[in-house]
Amino acid sequence: MLWAVGQGGIKMAYQLTNTESVPQGIKRVVCEEIESAINELTDQEIDSHEGVHQARKRFKKIRAILRLTREELGEVYTQESLRFRDFGRKLSAIRDAEAMIETFDKLQQRFKDQLGSDTAAEVKDNLVKRCQIVAHEEEGLAQRTAEVVAELRNARELANFWPLNNDDFSALRPGLQKIYRGGRKRFAMAYQHPTADNFHEWRKRVKDLWYYNRLLQDLWPVLMDGYIESLHQLSEYLGDDHDLVVFKQLLIDQPEKIGSEQTVQILKTLVDKRQGELRANAEKIAPRIYAEKPANFCARIEAYWQVWKAEKPAAV
């Protein structure tokens, strides 16, 4: 059976359906993500750097699924998680440089009146030049991309043999509860000890929970959609915060590549101010997301699951 396509050869969404078993659904979603990554890395009409960016997001989604099913996968979990982690790392440098341009654009847009147009243009030009240098140094990107594509095709075949057997919520409960509990703890820790690492680790758990709820979106779309959107917004706040951490480190490590001493100091001040805003925004959303205790959260989702699995497919 070709897991990369749904019935009739039509690609399906990043979510499980109640017409397939849990193992079938997990393998289908993973193989669809792999297939999409291959297409994004090989399609000549897609900018190569944008293709890399999209493919790396696919790898993160697959690693989230691996964490969700870790208990069942056993030793296969570590092997596969490292595999997809390494795919992303092979294609990372140019995307990281582009992210700094996007981070500055957001910062400049937020504080339009605090950076003169000439200063902003100079900083943007310097960041673009830096990205071009990274791109030049990444001359082996095409070769690495070809290698990753070949490895992805192999990974797609191997995914069909992942040792997933349970066809009920017990296949998902341990991973879901662990990530929810971990996110709750990371949320508290981030504000008790507001270090960059604590916020970054919390962001990872938020993204995992976002991915998991997308997989389960069909359980009760009207209810799940709002929760998923809130998780996405929280993830965006924490993602922008992390990008600013990296940007500030660039200002510290390579100020001469960004602008004058005065410009760099202004940027550091704006970064700190924006991080304060983002963290305050995240703190407003998080209590609702983590309002339940982990066991209660999973029990509620499982109750939806049981009703959903008992439903008959809608008439076409």
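The values are calculated or read from the model by the stated rules, or taken from the named source; none is laboratory data. In this text the structure is predicted, and so the values were computed from the model without any measurement. As a convention, Cβ positions derive from the backbone with ideal geometry for all residues, glycine included, and neighbour counts pool all protein chains shown.
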Run down 277, 256 and say which single residue is surrounded by 12 or more Cβ atoms within 10 Å (Cβ to Cβ) and either outside any loop (DSSP other than H, G, I, E, B) or not polar (S, T, N, Q) (or both).
-> 277
Breaking point among (1) crowded, with 16+ Cβ neighbours inside 10 Å; (2) more than 16 Å from residue 158 (Cα to Cα); (3) in contact with a Pro (Cβ under 8 Å, 6 or more places away or on another chain), for residue 100 | (3)
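Results for (1) basic (Lys, Arg); (2) under 24 Å from residue 40 (Cα atoms), shown as yes or no for each residue.
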position: 103; (1), (2): no, yes
position: 107; (1), (2): no, no
position: 112; (1), (2): yes, no
position: 115; (1), (2): no, no
position: 127; (1), (2): no, no
Which residue pairs have Cβ atoms closer than 6 Å, lie 6 or more positions apart in sequence or on different chains, and pair a first residue in region 150-174 that is farther than 12 Å from residue 25 by Cβ with a second residue that is surrounded by fewer than 19 Cβ atoms within 10 Å (Cβ to Cβ) and at pLDDT below 95?
-> 174/71
What do you reckon, is residue 184 in contact with a helix residue (DSSP H, G or I) (Cβ under 9 Å, 6 or more places away or on another chain), within 28 Å of residue 54 (Cα to Cα) and surrounded by 20 or more Cβ atoms within 10 Å (Cβ to Cβ)?
-> no
Given region 10-89, what helices (runs of 4 or more DSSP H) lie entirely inside it while holding 1 or more residues that are touching a Leu at 6+ places or on another chain (Cβ under 8 Å) and more than 22 Å from residue 209 (Cβ to Cβ)?
-> 22-42, 48-68
State yes or no: is residue 122 assigned to a helix (DSSP H, G or I) and assigned by TED's automatic domain parsing to the domain that holds residue 38?
-> no
Taking residue 223 as meeting all but one of (1) over 20 Å from residue 199 (Cα atoms); (2) buried (at least 16 other Cβ atoms within 10 Å of the Cβ), write down the number of the exception.
-> (2)
Qualifying positions in region 112-148 - touching a Ser or Thr at 6+ places or on another chain (Cβ under 8 Å), farther than 27 Å from residue 269 by Cα and surrounded by fewer than 17 Cβ atoms within 10 Å (Cβ to Cβ) = 142
Just a yes or no: is a residue in region 193-206 more than 12 Å from the chain's Cα centre (by Cα), surrounded by 21 or more Cβ atoms within 10 Å (Cβ to Cβ), modelled with pLDDT of 95 or more and part of a helix (DSSP H, G or I)?
-> yes
Cβ-Cβ below 8 Å, separation at least six or inter-chain, first residue in region 225-237 and outside the structural domain of residue 290 (by TED's automatic domain parsing) and modelled with pLDDT under 95, second surrounded by 15 or more Cβ atoms within 10 Å (Cβ to Cβ) and not basic (Lys, Arg): which pairs?
-> none
Considering each of 174, 163 in turn, give the residue that is farther than 20 Å from residue 288 by Cα, assigned to a loop (DSSP other than H, G, I, E, B) and over 17 Å from the mean Cα position of the chain (by Cα).
-> 163
